[in-house]
Amino acid sequence: MDQLAGPAPLTVSTGTVSSAAALPDTTVSVREVFGIDSDLLVPAFSEPDPHVPGIDPAYRFNPSVTLAILAAFSRNRRMLLQGLHGTGKSTHIEQVAARLNWPCVRVNLDGHIGRLDLVGRDAVVLKEGRQVTEFQEGIIPWAVRRPVALILDEYDAGRPDVMFVIQRILERDGKLTLLDQNRVLDVHPGFRLFATANTVGLGNLNGMYHGVQRLNHAQLDRWNIVAALNHPPAADELEIVLARVPEMDTPQGRKMVASMVAVANLTRAGFEVGDLSTLMSPRTVITWAENMQIFPDPAVSFRLSFVNKCDEAEQPVVAEYFQRCFDAELDAADLNAVRPGAHTLAAMAG
């Protein structure tokens, strides 16, 4: 009688794929490419890959955060970028990767993402007309074997038990163990790991981020670089909005956008002292400016972009902010009565 076979020995896989041998083969000047006063040269790829994000020529970089991201790319450091919503955390990492020609993949974590989604699972596939069971690797095994920057979006919304999947690869010489396959994967030297979060693992303290989790501080301690990206100075935010909505880059438009940014800063100050339960992010200001192209009345576009998101009891406070910055009352008329002009309807159709 044959003896029962024991468990298969644990094997180490280098995961060789056609793109896995690639390493940065050139350098870029931080001063020339990012406009930052620094003599640093950062490793980059000379040729783009299908996973390299597209370059946004109008994007404006935050110097300190950009240098932190570049340090993570050049020195293989694990980086967590924290900040309020709408400040462009993931986009910031993507735009740095785009200028380095570094492949970049984003994964949005939520309460329904499980360990098998990240690591992989057995699946039934059709081969040569027959159904067979085959292991389908998840995004993490796929990424760690390639020169890819993996961004874990909404890191603090992931389930705590699932987050331990990445515990080992957070370490500098960490490997990834696939228990279902009895394999240990070497991490490609070009692999980079980033995460973005609205909180720093403390949970939903201010009530704005329902669904986020308290994170394990033993894991937070493994992130080599933790940076914060919050609201930019008013002058920078003005230029960011104008870059996104160039139609407003006129003397009158700049004055209008400056007032819009001033309203946003008042909502942020009101949120800090407890007058408001929400605030305007830079994304909201951009949306307001974009809606101005449809509804030219700043009061109407403001109500559609932000006021209707606020609690009804707080809307008078927001109306006061608008009056301070625009020297005009925020009309409470029913928006259903708004009738766009012919040029506006043409813009909608376009």
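The values are calculated or read from the model by the stated rules, or taken from the named source; none is laboratory data. Just so it is clear, the structure is predicted and the values come from calculations on it, not from any experiment. When we count neighbours, we look across all protein chains shown, and the Cβ atoms used for this are built from the backbone with ideal geometry, even at glycine. When the accessible area is computed, the model is the full protein with side chains, heavy atoms only, and any ligands, DNA or RNA have been set aside. Shrake-Rupley method; radii C 1.70, N 1.55, O 1.52, S 1.80 Å.
Here is how the numbers come out for the structure above:
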item	result
Computed label-point distance, nm, for sites Asp161 and Ser277 using a 7 Å Cα→Cβ extension	3.2 nm
Accessible area (Å², per residue) of the range 213-274, counting only protein heavy atoms and a probe of 1.4 Å	52 Å²
³J(HN,Hα), Karplus 6.51/-1.76/1.60, whole Hz, each residue of the range 237-250, x for Gly, Pro	5, 4, 5, 5, 5, 5, 5, 7, 10, x, 4, 9, 7, 10
Carbon plus sulfur fraction of accessible area for the range 92-135, probe 1.4 Å, in percent	45 percent
Approximate spin-label separation Ala228-Thr133, in nm, with each point projected 7 Å along Cα-to-Cβ	5.0 nm
Cβ-placed point charges (K, R +1; D, E -1), dipole of the range 30-120 about Cα centre in debye, nearest 20	300 debye
For Leu150, solvent-accessible area (1.4 Å; no DNA, RNA or ligand), Å²	0 Å²
Accessible surface, per residue, of the range 126-179 when the full set of protein chains is kept, probe 1.4 Å, Å²	49 Å²
Other-chain or far-sequence residues with amide H under 5 Å of Ala228's (modelled H)	Gln82
Segment Ala123-Asp110, extension gain: residue separation times 0.36 nm, minus the distance between their alpha carbons	2.4 nm
Arg283 accessible area, assembled protein chains, probe 1.4 Å, Å²	140 Å²
Inter-label distance for Thr26 and Asp311, nm, one decimal - labels placed 7 Å from Cα along Cα-to-Cβ	5.5 nm
Under 12 Å from the Cα of Lys175 - aspartates and glutamates, other chains or at least 8 residues apart	Asp186
Sequence-distant lysines (8 or more away, or on other chains) whose Cα lies within less than 27 Å of Lys309	Lys89, Lys255
Solvent exposure ordering (accessible area, 1.4 Å, most first) of Trp142, Trp102	Trp142, Trp102
Carbon/sulfur fraction of accessible area - the range 213-304, other protein chains in place, 1.4 Å, %	51 percent
